[in-house]
Structure formats: C-alpha cells, structure tokens
Amino acid sequence: MEQYTLEVEHLNASFFTRAGEVQAVRDVSLRIPQGQIVGIVGESGCGKSMLARSVIGLLREPGRVVSGRILLDGTDLLALPERDRRKLRGNRISMVFQEPMTSLNPVMKVGPQVEEVLRLHTSCTAGEARQRTLEVFRAAGIPDPERRLHCYPHQLSGGLRQRVMIAMAMVLRPRLLIADEPTTALDVTVEAQILRLMRSLCGLGTSVMLITHSLGVVARVCDRVYVMYAGQMVEHADTLTLFQHPLHPYTRGLLDAVSSLLREGERLDTIPGLVPSLLHPPAGCAFAPRCPQCRAECASPADLREAAPGHLVRCPFVPC
C-alpha cells in the first residue's frame, strides 16, 4: 500500500479584503507519496503559492484557511496549535522560496543562518551545528564551503544563494520539502544541478512539492502532476500520462504553447482571454470563457472525475 507524506483534503483558503472574499484556493485535494516529486503547475495567479503557504502555515492576514484538512504523516496540521506547527516548520516540513535574496537575512552570514535551524530544533552544540552545516553545503554542491560559510547573501551568486536555501531546507532532512519556483532566473546549467539535488533528496525519504510554471522542469523530475486553474485542480495524472494524453482543454493549451516553440517558423500558441476574478469566481467551469470547446453545460459546476485509472479531470465532456 502506497504511503503518503502529505494529504490535502478539500482545502479552501481566502483573502478577506475590503472588496470582499478572494477565493485563492478552492476545494483542493492532493496526495504526495513518500519519496516522490509532485509538480503543481499553472499560470501565474492560479493559486500555486497560496496552496504552498497554506500547507506550511505561512498564510497571513488577510489570508486564512477557511476549511479542509492538511495531513502530514497522518497528523492534521490545521488542528495543531500554532506553537506546535512552528516546531514542525524547518524540521519535518521545509520550504524553498522563489527569491532567496529576500528570504535570507541580508545582515547575517549564510553559515550561521543554517546553523540557527539546527540550534532551534536540536540539542546539538555549536561545533556540531557548524560541522553539519559544512556537510550539507557540500551535499548541495556549494564550492569551497568553508569559505562560503562566512559570506553574506549579497556576496553570493543567485545559484549559490538558492543552494544555501536548499541546504537550509534539507539540513534536518524534512519529511516534506516545498519548492516554490526554485529555478526561476537561474541559467540552465545551475537549474539542472538544483533539480538533480532535489531528486537526490527523495532517495533519503523526503517528498517534494514542486511549484512551477515550467512544463520542461516537470517533465524532467516530477513523478506526478497536478494542474491548477483559478484556485482549483483541473487535472491530475502521472507525468508520462499527462504529457502523452492531456484531457482538460487548459492542460492541452499549456502543452500546445510549449510544443509550438519546437515548430520552426510557426507562431507561438497562446490561450486567449484572461483568468477570471477570484473575488467573484464563475459558478460553473472557470475555464469556460477561454475554452474552445465551451458549451451550455459548462455553466454548471464540474467535479474531478476519474477518466482512467489514476487520471482525474474536471471537465464534463471527457468520457469516463
């Protein structure tokens, strides 16, 4: 029987603004098996980062989780007091943010920042923390780690800063690593190194939630994929199945936009229209105004249905 590190059940999260309730995450359910990388894909504003922040407990006012369950190894995180959830962050669950320069303390050397995680969550001595930090720097592929320990963030390149963030996230070997666009703005060589590093973590038992808009990254490292649109999951399958047999019109639109780059001399395929406002989300299919297959039935809500074993899709016209 497959073991799941993370199980999210019917999660709803919103921002309560003066204009009204912005429903950023709408009835999202997902599972991440132990030792696997699961990709969350979709265009900007679809709710990927809000889902991640809801899981790790960093969604701040005016945002908050409205309902649902978040199970980490069977423990409902939403039922825990904030003090207990704080103990889990950086220990059993860690997050690599999109921009390390704004996530690292600019007036503190990077070595002590990583050592601080060890001192907060373990009873190790200062010397043991320093040795463990050196080991994790080497594992993260940081060259000359003894010298890099004493560097400030601004003295490191973007790739090295991202490696420091990953080292900080993996220093306690968490059960779940959430990576929010970890390779954005990195060159392709460094991107490949970062992705190999995340894959190596899975060999140690860590599960990874990889948030990205790059289907190329997904194809290289992810075992399974969830496609998000307007705060909802619209399709889920293993990576090979999703790329070979996409079912939802939105997923096909995303893949067409990538594959068109490979056809020399042709114009880039795009998805027409705009993402709907989540202040007043559509009652029916959120993708209907942009869908070339839209029909009258799309005005009614559609549930995720199993079109094939392990392949779920939120579209009433996909045969199941």
To the nearest 10 degrees, the tilt of helix 126-139 (Cα long axis) against the first principal axis of the alpha carbons of the chain is 50 degrees
With all protein chains present, the chain has a carbon and sulfur share of its accessible area (1.4 Å probe) in percent of 53 percent
Rounded to the nearest 5, the percent of DSSP beta bridges in the chain running antiparallel is 60 percent
For Leu80 the rounded accessible area (nearest 10 Å², probe 1.4 Å, non-protein molecules ignored) is 50 Å²
Between the Cα axis of helix 188-202 and the main Cα principal axis of the chain, the angle (0 to 90°, nearest 10) is 80 degrees
Probe 1.4 Å, all chains present, heavy atoms only: Ser277 accessible area in Å², nearest 10, is 70 Å²
Residue separation between Arg305 and His245 times 0.36 nm, minus their alpha-carbon distance, gives in nm 20.1 nm
Taking 0.36 nm per residue of separation between Thr122 and Asp76 and subtracting their Cα-Cα distance, the length gained on full extension comes to 14.2 nm
Net charge (Lys, Arg +1; Asp, Glu -1) of residues whose beta-carbon lies under 14 Å from that of His213, His213 excluded, is -3
The simple spin-label model distance between Val258 and Gln131, using points 7 Å out along Cα→Cβ, in nm, is 4.4 nm
For Cys294, other-chain or 5+-apart residues with amide H closer than 5 Å (H placed, Pro excluded) are none
Per the C-alpha gyration tensor (a ≥ b ≥ c, the square roots of its eigenvalues), segment 92-235 is rounded if a/c is under 1.5, else prolate if a/b beats b/c, else oblate; here it's prolate
Among the Cα-Cα pairs of segment 1-140, the proportion with separation greater than 25 Å, in percent, is 39 percent
From most to least accessible, 1.4 Å probe, no ligand or DNA/RNA atoms counted, Asp256, Asp180 line up as Asp256, Asp180
Per-residue accessible area, 1.4 Å probe, largest first, puts Glu115, Glu2, Glu306 in the order Glu306, Glu2, Glu115
Percent antiparallel among DSSP beta bridges confined to segment 74-213, rounded to 5, stands at 0 percent
Ignoring ligands and nucleic acids, Ile142 exposes an accessible area, probe 1.4 Å, in Å² to the nearest 10, of 10 Å²
With Rh as the Kirkwood radius over Cα pairs, the chain has Rg/Rh of 0.98
Everything considered on the Cα gyration tensor (a ≥ b ≥ c; rounded for a/c under 1.5, else prolate if a/b is larger than b/c, else oblate), segment 230-320 must be described as oblate
Sorting Tyr152, Tyr229 on solvent-accessible surface, 1.4 Å probe, most exposed first, gives Tyr152, Tyr229
Yeah, segment 16-80 with a ≥ b ≥ c from its alpha-carbon gyration tensor (a/c under 1.5 is rounded, else prolate when a/b outruns b/c, oblate otherwise) is oblate
Answer in debye to the nearest 20: the dipole magnitude of the chain about its Cα centre, from +1 Lys/Arg and -1 Asp/Glu charges placed on Cβ, is 740 debye
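The values are calculated or read from the model by the stated rules, or taken from the named source; none is laboratory data. Everything numeric in this text was worked out from a predicted model, so none of it was measured. As a convention, Cβ positions derive from the backbone with ideal geometry for all residues, glycine included, and neighbour counts pool all protein chains shown. For accessibility, only protein heavy atoms count, side chains too; no ligands or nucleic acids. Shrake-Rupley method; radii C 1.70, N 1.55, O 1.52, S 1.80 Å.
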